[in-house]
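One structure is given below, encoded as structure tokens.
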């Protein structure tokens, strides 16, 4: 038996499953796509396999292709109504979910604290810069001086 013929004969000891990528040159035979679940016949040696980049094709014997094709067709017919229900439900629910996701984002933005990087939180210590102890404040003389300055500026404006 020639080396090229052992791929088409599944009983040959060297025969193995041939896996090819889309766009590869293929020998005559049947190829099954793992991505689209279709059986593609290649009538003559040297034809390229269809599909997009990364799509894998497995060479299958003729008997397997004859058994596989009706099974794939029946599977499609059985699940076609469910696919229609799923697509209809998804089309109806997608705008509602998008609305709630948008609203939840706005709500989260208004509810989040004004966190600033580098700021210490939950340390158990009061801020030393802004710390005001009861009974203590700015000296009384400074307040009177500030009040007088404000009154002087008001008089200038009139």
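Throughout, read-outs are computed from the coordinates displayed, never taken from laboratory work. Keep in mind the model is a prediction, meaning the values are calculated, not measured. Note that each Cβ is placed from the backbone with ideal geometry, even for glycine, and that neighbours are counted across all protein chains shown.
Given the Cα-Cα distance of residue 74 and residue 35 and 0.36 nm per residue of separation, how much length would full extension add, in nm?
On the way: separation 39, 0.36 × 39 = 14.04 nm, distance 1.77 nm.
This chain segment gains 12.3 nm when fully extended.
Any chance you could run the full-extension gain for residue 18 through residue 153? It's 0.36 nm times the residue separation minus the Cα-Cα distance, nm to one decimal. Mind showing how you got there, number by number?
Values: separation 135, 0.36 × 135 = 48.60 nm, distance 9.35 nm.
Separation in residues times 0.36 nm, less the Cα-Cα distance, equals 39.2 nm.
Which residues in the stretch 67-100 place their backbone N less than 12 Å from a point set 7 Å from the Cα of residue 55 along the Cα-to-Cβ direction?
none
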